[in-house]
Amino acid sequence: MDLKIEVDEKDGVVLLKLNGEVDVYTAPKLKSRLVDLVDQGKFKIIVDLEEVDFMDSSGLGVLVGGLKRVRSHDGAIALICTQENILKIFRITGLVKVFPIFENQDQAVQSV
Amino acid sequence: MKDQSLSRDQGQNFYRVLEVQSQGNKLVKVRSFIEKLAADCGFNRADVFDLKVAVGEACANAIEHGSPGGKNNSIQVVCAFENNCLEVEVIDEGVFKPRFPAFDSQLNYRGRGIPFMLALMDEVEIKESEEGTTVRLVKCRLY
């Protein structure tokens, strides 16, 4: 399965909606999109993981890399995720303390 | 080498082998293989997901570090189910590079997968030989 990325922007906040699987093969696509956004001066980003079926450490690495990039511009990345399987991946790596994770878009927008 | 799988059933216990080219785009095939296998073994959805992550990480390591010949190398995923435990061996043709930390205090990303395997599996063993590296993962069904 491939990874599809939809990009939307509202009031200076970019929403990346991911659909599919994020692994060592597809993660570079997400990285490229995040790098492009930062290069375009977009430092407030929400990543919606609700339609992500699978994510491994490559995906986490890309998200952490994106977070470091936006933080260097006083930006932020928030995540939308209610899927227990995906949340578990963030818990076992301790990244629940690094990324604010919300149940819906409204909550995420307020946080960034 | 063409992707192939073999199987040998012995009552409730069974043995399966999947061999794929050492390429990142083969990870989907490995995960599908593990997903079906684990479901057939009676694992619930959460455990199936754990197995997909752990085996996927082992295979990603094998592709990245265990394949000196690139896609000319292959990876074997050997699975055996016995006494409610699924044992998966990921066998490559290279040298294992242990990188344990996942993220340090500065959010530097240094690890790849080993913390996942340790957290998600009941047993993790890494065996090295001149022919290659074998990562052995075991998950037991407790219900």
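The values are calculated or read from the model by the stated rules, or taken from the named source; none is laboratory data. Just so we're clear, the structure is a prediction, and the values are computed from it rather than from any experiment. Positions of Cβ are backbone-derived with ideal geometry, glycine not excepted, and every protein chain shown enters the neighbour counts. Areas reflect the complete protein model, heavy atoms only, side chains present, ligands, DNA and RNA absent. Shrake-Rupley method; radii C 1.70, N 1.55, O 1.52, S 1.80 Å.
Taking the DSSP beta bridges with both ends in chain A, the antiparallel portion is around 35 percent. Pairs spanning more than 19 Å between alpha-carbon atoms, out of A:LYS17/A:LYS44; A:LYS97/B:LYS52; A:LYS44/A:LYS68; A:LYS88/B:LYS36: A:LYS97/B:LYS52; A:LYS88/B:LYS36. Give the percent of DSSP beta bridges with both residues in the protein assembly as shown that are antiparallel, rounded to the nearest 5. Expressed as a percentage, antiparallel bridges in the protein assembly as shown total about 75. Other residues whose C-beta falls under 10 angstrom from the C-beta of B:ILE91 contribute a net charge of -3, scoring Lys and Arg +1 and Asp and Glu -1. For the protein assembly as shown, A:CYS81, B:CYS41, B:CYS59, B:CYS79 have no disulfide-compatible partner, since no other Cys C-beta lies under 4.7 Å from theirs.
Using just its DSSP H runs of length 4 or more, each adding -39500 (n - 2.57), the protein assembly as shown gives a mean residue ellipticity at 222 nm of -10500 deg cm²/dmol after division by all residues. Computed from phi, the 3J(HN,Hα) profile of the range B:48-54 under the Karplus parametrisation 6.51, -1.76, 1.60 (θ = phi - 60°) reads 4, 4, 4, 5, 4, 5, 5 Hz, with x in place of Gly and Pro.
Hey, which aspartates and glutamates would be in cross-link range of A:LYS10, C-alpha to C-alpha under 13 Å, not counting anything within fewer than 8 residues on its own chain? Straight-distance partners of A:LYS10: A:ASP106.
The amide H of B:ARG141, built 1.01 Å from its N in the peptide plane, has B:CYS85, B:LEU86 as neighbours under 5 Å, considering only residues 5 or more places off or on other chains. Legend: mean number of C-beta atoms from other chains within 10 angstrom of residue C-beta atoms, peptide B:85-94, equals 0. For A:PHE54, the amide hydrogen comes within under 5 Å of the amide hydrogens of A:VAL22, counting only partners 5 or more places away or on other chains and with H modelled in the peptide plane.
Inter-part distance, the range B:15-79 to the range B:115-137, computed on C-alpha centroids, equals 13 Å. Site pair B:GLU125 and B:ASP40 shows an inter-label distance of 2.4 nm when each label is modelled 7 Å from Cα along Cα→Cβ.
Couplings 3J(HN,Hα) of the range A:84-98, computed from phi: 4, 4, 6, 4, 4, 4, 6, 5, 6, 9, x, 7, 5, 8, 9 Hz, in residue order, whole Hz [Karplus 6.51 cos²θ - 1.76 cosθ + 1.60, θ = phi - 60°; x for Gly and Pro]. Based on C-alpha pairs under 8 angstrom that are at least 6 apart in sequence, the range A:3-111 has a relative contact order of 25 percent. A 1.4 Å probe over all protein chains sorts A:SER58, A:SER72 by accessible area into A:SER72, A:SER58, starting with the largest.
Across the range A:67-78, coupling constants 3J(HN,Hα) worked out from phi with the 6.51/-1.76/1.60 Karplus curve, θ = phi - 60°, read 4, 4, 5, 6, 5, 5, 10, 6, x, 7, 10, 10 Hz, and Gly and Pro carry x.
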